[in-house]
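The values are calculated or read from the model by the stated rules, or taken from the named source; none is laboratory data. Predicted, not measured: the structure shown is a model, and the values here were computed from it. Positions of Cβ are backbone-derived with ideal geometry, glycine not excepted, and every protein chain shown enters the neighbour counts.
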Amino acid sequence: MEEIQEKKRIDIAKLKKTGAVVLPSIFTIANMAFGFFAVLLASEGKFVQAAWFIVASYVMDMLDGRVARLVHGESSFGVEIDSLSDWMSFGIAPAYLVYKLVLKDYGVWGYPVAFLYVLCAALRLARFNVKSHFGGGSKDYFQGLPTPGAAGVMISFVLAYSLLEGNGGIRSIPGVSELMPFAYAGIPFIVVSLALLMVSNAPYAAFKGDMVKLNSIKGVLFLTAILSLIVAYPHDALFIFFSVYALSGVFGGVYNMFKRAPKEA
């Protein structure tokens with residue numbers, strides 16, 4: 001009788017463990033699905049809709065990690081499938097989106113530029129996985145620009161540039177719209193720069209661990225200000241934030257040439 005009860009307890013424990021692994025994977029797969037749908041939309045010329053689908057991938061990507069920690073469902077399988085999903089949503093999808101919008105006008109030269117971004121995204125994620133498996137990460141900094149950060153610059157550019165063709169009542173931050181034609185002309189350089197930053201050693205804030213403390217008044221006010229600006233100017237604000245984040249690693253790398261570098265992730 002005791003053996004039967006013990007077997008039932010073991011079976012229940014295995015079932016709970018399986019559920020803890022599957023639950024966050026649902027959000028991970030949703031992340032991949034939104035990225036794939038973004039590719040389909042971009043192929044149909046629906047660039048703004050494709051960009052927002054990638055934004056939806058961001059939401060799923062944030063949720064899967066938090067759900068995994070909540071149910072104690074972290075696993076090697078979760079790390080691998082999460083990276084594959086990120087490669088689709090933040091590697092392939094934004095590269096294809098920008099190619100269809102801008103890079104195709106450069107003819108055959110647009111091919112290697114788009115592929116370089118996809119390749120560097122894969123290398124960035126592979127390096128992150130290796131560090132995750134061997135415990136070489138840090139809670140404060142990433143080594144190289146994270147793929148969501150690089151993709152954020154590209155999709156927010158698409159959203160901000162769309163305002164030039166008729167904003168449909170969406171407000172624009174003064175001065176940002178005037179910069180969009182220059183950004184459009186410099187897209188090949190921007191894509192190559194983002195690709196190289198992903199595989200660089202530049203330090204990027206991870207915004208987790210002790211770096212983010214929302215229980216303080218300053219932290220709450222800072223987050224409120226950012227969210228308010230995004231609500232008021234969704235297209236332009238995202239472009240500014242992602243661009244500043246991408247540049248922060250460059251300035252951080254220069255600074256570390258004179259000061260001791262922070263721990264890498």
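Key figures
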{"read-out": "Any chance Val79 is under 25 Å from Ser132 (Cα atoms) and at pLDDT below 95", "value": "yes"}
{"read-out": "Any pair with Cβ under 8 angstrom, 6 or more apart, that starts in segment 103-117 at a residue that is under 20 Å from Met88 (Cβ atoms) and ends at one that is aliphatic (A, V, I, L, M) and surrounded by fewer than 14 Cβ atoms within 10 Å (Cβ to Cβ)", "value": "none"}
{"read-out": "Condition broken by Ile217, with the remaining ones in (1) touching a Pro at 6+ places or on another chain (Cβ under 7 Å); (2) aliphatic (A, V, I, L, M); (3) modelled with pLDDT under 90 satisfied", "value": "(1)"}
{"read-out": "Breaking point among (1) in contact with a Pro (Cβ under 6 Å, 6 or more places away or on another chain); (2) on the phi > 0 side of the Ramachandran plot, for Phe90", "value": "(2)"}
{"read-out": "Cβ pairs under 6 Å, 6+ apart, first in segment 145-161 and of a type in the set (Ser, Thr, Tyr), second surrounded by fewer than 23 Cβ atoms within 10 Å (Cβ to Cβ) and in a helix (DSSP H, G or I)", "value": "Ser156/Leu238; Ser156/Phe242; Tyr161/Met180"}
{"read-out": "Enumerated helices (runs of 4 or more DSSP H) restricted to segment 109-208, each holding at least 3 residues that are surrounded by fewer than 17 Cβ atoms within 10 Å (Cβ to Cβ) and modelled with pLDDT of 80 or more", "value": "110-133, 176-185, 187-198"}
{"read-out": "Residue tally, condition surrounded by 12 or more Cβ atoms within 10 Å (Cβ to Cβ) and not in a helix (DSSP H, G or I), over segment 246-260", "value": "0"}
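Condition check ((1) surrounded by fewer than 17 Cβ atoms within 10 Å (Cβ to Cβ); (2) under 15 Å from Val191 (Cβ atoms); (3) touching a Leu at 6+ places or on another chain (Cβ under 8 Å)) across all residues:
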site: Asn31; (1), (2), (3): no, no, no
site: Phe34; (1), (2), (3): no, no, no
site: Leu40; (1), (2), (3): yes, no, no
site: Ser43; (1), (2), (3): yes, no, no
site: Ala50; (1), (2), (3): no, no, yes
site: Leu70; (1), (2), (3): yes, no, no
site: Gly91; (1), (2), (3): no, yes, yes
site: Leu97; (1), (2), (3): no, yes, no
site: Gly107; (1), (2), (3): yes, no, no
